[in-house]
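Comments concern the structure below.
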Amino acid sequence: MRFHPLIAVSALLLAACQSGETPAPAPQASEALKVAPVLAAADAVDIHSFAKPLEARVTHIALDLAVDFAAKRVGGTATLDLQARPGANEIVLDDKGLEIESIVTTDGKPLAYKVGAIDAILGAPLTIQIGTARKIMIRYKSAPDSGALQWLTPEQTAGKKHPYLLSQGQAIENRSWIPTQDSPGVRQTWEAKISVPKPLTAVMSAPRAAEPVAAGGSRTFAFKMDKPVAPYLIAIAVGDLAFRELGPRTGVWTEPAMLDLAAAELADTEKMVAAAEALFGPYQWGRYDMLVLPPSFPFGGMENPTLTFLTPTFIAGDKSLTSLIAHELAHSWSGNLATNATWADFWLNEGMTTYATTRIVEAVYGPKVAAQQIALGIDAMNKAVTENGGPSGADTRLHIDLKGRSPDVGLTDIAYEKGAAFLRTIELAVGRERFDAWLKGWFSRHMFEPVTTSIFLADLRQHLVKGDTKLEATLQLDRWVGQPGIPSNVAPADPQAFAEVDAAVTAFKTGTQPDAASWSRWTTDEKLRFLTRIDQRQPTERLAALDSAFNLARAGNNEVRFAFLTLAVTARYDPAVPALEQFLIMQGRRKFVRPLITALAEDKQWGRPIAARVYAKARPLYHPVTTRDLDKLGLIAGASAPPLTVR
Ligand code: BES
Ligand code: ZN
């Protein structure tokens, strides 16, 4: 064995598990499991990290950072605990634009290091000559253009008085503010001390470790995550924040001005946690709190452990968009316990979570709501197949090839909805009872571990199929994960899920608009079914009639508004332009702004001037992960991601 004993033990454990034997307890096993195994198989190698974790790996990070709003930097030290195979002299970390001042051992001895050639997607390898050191301290600062961090001015917050900092780590952004091995298969425990100017509060994706300590003009907050997590799950936000309890282990953080609205919208959270535990096994993270961010947050939600990050655009006033919470909560099992080992396995995170979401929704809101959300998901899946090259398109595979590409390209409804459809297909074939038992077992067998698509298939075969050749033939497992398109055995959507709305869609084709009574009775999902099922290219008169009857361009529900504005852009419907502009300037959720601005920009005559005008105004609100894509449209002269320079 040429690996370090600890790593060898984990590899053995894993191999034993896969072959179904009970591993003999080894003396170092508990130590190895504390940091979770590093998978040694070829398909577990993460092509989006420079790390060589089988040589030397980070097991624990201790951050001691100050937040400097004026300079748009976090800076201080990161102390890393390492494991290395005997004889290993160096460790490779991931670095995107970090300004490194020094790297030393615990007794202050400087260590030689080198930042290698920069890759536009990945950043650069940071190779450190560790010799025999197994704890090192890096003194550094993040760059003002860090891809994970967004610095908001007071005007960009709800309270308008204080600045705000937020981070987004997934997929490979955290290397722009934390010097570590930024690979989901290299789990690390971590702790942090964060100094922020008074009166601001820092929150992170970990329990608080101590009361804040005030000194001079700042306060220092302490956090500790004692469970090993994938490093993309380390997150921070700093702002004028208040907290309100929602239940015994749930609560919400947000700006004081947002607290009442946020708490009311999130009132079902505790029920969701209980429903999720009944389905997937005990919740492993202690508290489930949420942070409702300013509207520039680039995603709907992000499953940061113990503290889900949320866009405020899910607040509709009627809890109609709270399946978002069910989704982020479900990641507490699928994603945060059993974690995709590489970004090619992303469907394991999101497909399982999308499946799990509708199960939570069914338990809390009933089977009809769940059936409708599944039907919307099947439509989204089919649309994603079309958008990704049709049934033979390579990117319609669940396990995709990301060579030379950013993990971001895998963020499609193939991963989410084809992944969920795959699991529903298995459920349908074996029955709910058997499927649920397997699913619970999957989470408990892979708790705090990275998982690959092949581990998933092996686990299914060992614990569910169990040699049943007829079942194996019915399931088409390899076809589902490895082949493009949607296999013929896909579990269908309930054709009756939207019976009434579907009749209204048919009637609309022949000129009849839904009446006001129906529209106001319809749920958000029903309205969305209508707006996404009617012909997407409508004459402007028909949009005008819909808009004047139901006030869609300014709908209070942002998903409904987005669906209508999408139709408006396709139809070049001028009267919606002021509302469109306002929508693109008041929030920066990438799922909303990217398709609208892209569609506008591609319509050279009508849309592009609108896109250019709006993007110039909106850009300062958008997070770097959003502007990185939109800048490529060339709408603003000179606005492109600042080049990465060797520092
Ligand atoms: N983990 C994702 C967000 C993500 C994925 C960020 C990949 C960066 C890279 C999160 O759980 C998610 O899926 N959010 C969705 C919401 C959901 C209800 C589908 C979103 O942001 O829209
Ligand atoms: Zn998700």
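Coordinate-derived values only; no laboratory data. What you see is a predicted model, and the numbers here were worked out from it, not measured in a lab. Cβ placement follows ideal geometry from the backbone for every residue including glycine, while neighbour counts extend to all protein chains displayed.
For region 132-278, build the charge dipole from Cβ charges (+1 Lys, Arg; -1 Asp, Glu) around the Cα centre, then report which of ALA274, TRP253, LEU200 sits farthest towards its positive end.
LEU200
If you find the alpha carbon centre of region 98-112 and of region 194-252, how far apart are they in angstrom?
27 Å
Taking other Cβ within 10 Å of each residue's Cβ, how do TRP606, TRP522 sort, fewest first?
TRP606, TRP522
Over all pairs of distinct alpha carbons, what does the Kirkwood formula give as the hydrodynamic radius of region 364-408, in Å?
12.5 Å
Over region 541-647, with a single point scatterer placed on each C-alpha, what log10 of the ratio I(q)/I(0) does the Debye formula yield at q = 0.11, 0.24 1/Å?
Calculated log10 I(q)/I(0) at the listed q: -0.34, -1.34.
Taking the Cα centre of the chain as origin and charging only Cβ (+1 Lys, Arg; -1 Asp, Glu), how large is the dipole, in debye to the nearest 20?
880 debye
Strictly over 23 Å apart at the Cα level, which of LYS319/LYS418; LYS383/LYS470; LYS418/LYS591; LYS271/LYS418 would you flag in this model?
Cα-Cα > 23 Å for LYS319/LYS418; LYS383/LYS470; LYS271/LYS418; rest within.
Scaled to the compact-protein estimate 2.2 N^0.38 Å, what is the alpha-carbon radius of gyration of the chain, rounded to two decimal places?
0.96
What is the set of long-range amide H partners of GLN181 at a cut-off below 5 Å, with H atoms built 1.01 Å from backbone N?
Excluding prolines and chain starts, which carry no amide H, the hits are VAL58, ASP94.
If you rank PHE243, PHE448 by fewest surrounding Cβ atoms within 10 Å, what's the result?
The most exposed by this proxy come first: PHE243, PHE448.
Can you give me the relative contact order of the chain as a percent, contacts being Cα pairs under 8 Å and 6 or more apart?
11 percent
Answer with one residue from VAL560, GLY97, ALA507: the one whose Cα lies farthest towards the positive end of the charge dipole of the chain, charges on Cβ with Lys, Arg +1 and Asp, Glu -1.
Farthest towards the positive pole: GLY97.
Report, in cubic angstrom per residue, the convex hull volume of the C-alpha atoms of region 252-403.
123 Å³
Looking only at region 617-635, which residues have a backbone nitrogen under 17 Å from a spot 7 Å from the Cα of LYS604 in the C-beta direction?
Counting only backbone N, you get 633-635.
Could you work out the equivalent-ellipsoid semi-axes for region 82-128, taking the square root of 5 times each eigenvalue of the Cα gyration tensor, largest first, in whole Å?
21, 15, 8
Per-residue counts of other Cβ atoms within 10 Å, averaged by peptide: what ranking do you get for 394-400, 247-253, highest first?
394-400, 247-253
Below 20 Å, Cα to Cα, which lysines can LYS193 reach? Residues fewer than 8 away in the same chain don't count.
LYS72, LYS135, LYS141, LYS224, LYS227
Apply the Debye scattering formula to region 147-244, with a single equal point scatterer on each alpha-carbon and no solvent, then give log10 I(q)/I(0) at q = 0.10, 0.11, 0.14, 0.20 Å⁻¹.
-0.29, -0.35, -0.56, -1.05
Spelling out what I want: for every residue of region 565-575, take phi, set θ = phi - 60°, compute 6.51 cos²θ - 1.76 cosθ + 1.60 (Karplus), and round to whole Hz; glycine and proline get x.
5, 4, 4, 5, 5, 4, 8, 6, 8, 3, x
Please give me the summed charge of the neighbours of ASN557: other residues whose Cβ is under 14 Å from its Cβ, Lys and Arg +1, Asp and Glu -1.
Value of the local net charge: +1.
For a label point 7 angstrom out from the Cα of ALA257 toward its Cβ, which stretches of region 284-298 have the backbone nitrogen within less than 16 Å?
What the label zone holds, given the 16 Å backbone N cut-off, is 292-297.
If you count the DSSP beta bridges with both ends in the chain, what percent of them are antiparallel, to the nearest 5?
Bridges in the chain are about 80 percent antiparallel.
Write down the radius of gyration of region 515-588 and its Dmax, each obtained from C-alpha positions, in Å.
Computed over the Cα atoms of region 515-588, radius of gyration and Dmax are 11.5, 33 Å.
Using alpha-carbon pairs under 8 Å, 6+ residues apart, how would you state the relative contact order of region 71-140 in percent?
47 percent
Report the one residue of GLY607, ALA576, HIS623 whose Cα lies farthest in the direction of the positive end of the charge dipole of region 561-640 (charges on C-beta: Lys and Arg +1, Asp and Glu -1; origin at the Cα centre).
Going by the charge dipole, the pick is HIS623.
If I model a spin label as a point 7 Å beyond the Cα along the Cα-Cβ vector, how far apart are those points for ASP401 and LYS52 in nm?
2.6 nm
Where nothing but the Cβ of Lys and Arg (+1) and of Asp and Glu (-1) is charged, how large is the charge dipole of region 401-494 around its Cα centre, in debye to the nearest 20?
200 debye
What per residue convex hull volume, in Å³, comes out for region 52-185 when only alpha-carbon positions are used?
111 Å³
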